[in-house]
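Report on the following structure.
The values are calculated or read from the model by the stated rules, or taken from the named source; none is laboratory data. Note that the structure is a prediction, hence the values are computed from the model and not measured. No Cβ is skipped: glycine too gets one built from the backbone with ideal geometry, and neighbour counts run over all protein chains shown. Keep in mind that these areas ignore ligands, DNA and RNA; they rest on the heavy atoms of the full protein, side chains included. Shrake-Rupley method; radii C 1.70, N 1.55, O 1.52, S 1.80 Å.
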Amino acid sequence: LWAAVDFGTWEKCGHMSGVVSVSVTDDLMKPESWVMSGFLPYDPNWEGAAKGKSKGCLEGNMVLLPDGTLCNFLRYQIQDCEPNRDRAVLLEIDIKNPEKRPTFYKVIDFLGSLTKFSVTFDPESRRYIALVNRVIDEKKPMARNVLSLVTSEDAIHWSFVRDVVDCSAYENATEKIGMQYPDMIIDGEDLVWVQRTAMNNATNFHDSNYITFHRMRGFRRYICR
C-alpha cells in the first residue's frame with residue numbers, strides 16, 4: 001500500500017514530495033510496519049516546467065501507469081507562472097526500493113491541476129478518471145466553483161468529459177463558493193465522492209462549511225464514448 005505525503009510549509013515557500021508504504025500483510029497500526037521514502041524538492045529546471053516563480057508540488061495521488069511505473073501524480077502551483085494553469089507533475093517511485101526518494105518523471109498537460117484533485121483507475125473500462133477544479137476564467141485560475149470529470153487511457157494524455165458540479169453562475173462564486181478536495185471511489189456502476197464544500201455564506205471559498213456527498217450514476221456512459 002502506498003500513499004503520497006508532503007514535507008514543508010507555505011511559509012518556507014513550498015513542499016517536498018515523498019511517499020509512505022506498507023506491506024498488505026503487516027499490521028498497519030504498528031509504526032515499524034511503515035517505510036518512508038526520501039523527499040524530493042521541486043526543481044524549476046525540470047523538462048516542461050512552467051516558467052516563473054512556482055511554489056512547486058503537493059497533495060499527490062499514487063497512480064500505477066499501464067507499463068507498471070508507480071508515480072506520485074501531483075498538484076502543481078503555477079498560478080504566477082507561464083502557463084498559469086493546466087499542468088501536473090509526475091514523480092517516479094522505486095517499487096523495489098521504497099526508501100529511495102522519488103525521481104522526476106514528466107510534466108503533463110492536465111486540466112485543473114492548481115487545486116487538489118483525485119485520480120483513480122477503473123478496471124472495467126480500463127480508463128483513468130479524475131475529479132478536478134477546471135479553470136473557466138484564466139484571470140481567476142484559483143477559483144474552485146466548478147468540479148469536472150476528466151479521463152485518460154494512459155494517465156498521461158487527458159480529455160475533458162463533463163462538469164459534475166457547476167456553481168459558477170452564483171453571486172460571488174469565485175470568492176465564496178468552493179467545490180473542492182474531492183475523494184472518490186467506484187461503487188458498481190456509479191462514481192461517488194465526498195468533497196469540501198463552501199457555500200451559503202462561507203467565510204471564503206477555501207474555508208469550507210460543509211462536507212457533501214455526491215453520486216454520479218452510470219458514469220461509464222460518459223467516459224467510454
- Query: How large is the charge dipole for region 82-225, taken about the Cα centre, if only the Cβ atoms of Lys, Arg (+1) and Asp, Glu (-1) carry charge, to the nearest 20 debye?
  - Reply: 60
- Ranking V161, L111, S125 by how far each Cα lies towards the positive end of the charge dipole of region 52-201 (+1 on Lys and Arg Cβ, -1 on Asp and Glu Cβ), the top one is L111
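Could you give the dipole magnitude of region 1-78 about its Cα centre, charging the beta-carbon of Lys and Arg +1 and that of Asp and Glu -1, in debye to the nearest 20?
In total the dipole reaches around 400 debye.
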- Note on the structure: Contact order relative to length for the chain, counting C-alpha pairs under 8 Å separated by 6 or more residues, stands in percent at 12
- Item | lysines with Cα under 29 Å of K55, excluding same-chain neighbours fewer than 8 positions away | K12, K100, K106, K116, K139, K140, K176
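Carbon and sulfur together cover what percent of the accessible area of the chain at a 1.4 Å probe radius?
50
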- Where in region 141-188 are there GluC sites (Glu not before Pro) that are in a DSSP coil and have at most 12 other Cβ atoms within 10 angstrom of their Cβ? E171
- Message: Quick one: 3J(HN,Hα) in Hz for region 5-17, Karplus 6.51/-1.76/1.60 with θ = phi - 60°, rounded, Gly and Pro as x.
- Response: 9, 10, 9, x, 8, 5, 5, 8, 6, x, 10, 9, 10
- Quick one: Cα centre-to-centre distance for region 82-158 and region 1-56, in angstrom? 16
- Task: Run a plain Debye calculation on region 114-154 (Cα atoms as equal point scatterers, no solvent) and give log10 I(q)/I(0) at q = 0.14, 0.25, 0.27, 0.28 Å⁻¹, rounded to two decimals, same order as the q list.
- Result: -0.36, -0.80, -0.87, -0.90
- Filter the chymotrypsin sites (Phe, Trp or Tyr not before Pro) in region 137-217 to those in DSSP coil with at most 14 other Cβ atoms within 10 Å of their Cβ, and list the result. Y170
- Message: Restricting to DSSP H runs of at least four residues, report the calculated mean residue ellipticity at 222 nm for the chain, -39500 (n - 2.57) per run over all residues, nearest 500 deg cm²/dmol.
- Response: -500 deg cm²/dmol
- Item | Heavy-atom accessible area per residue - the chain, 1.4 Å, Å² | 53
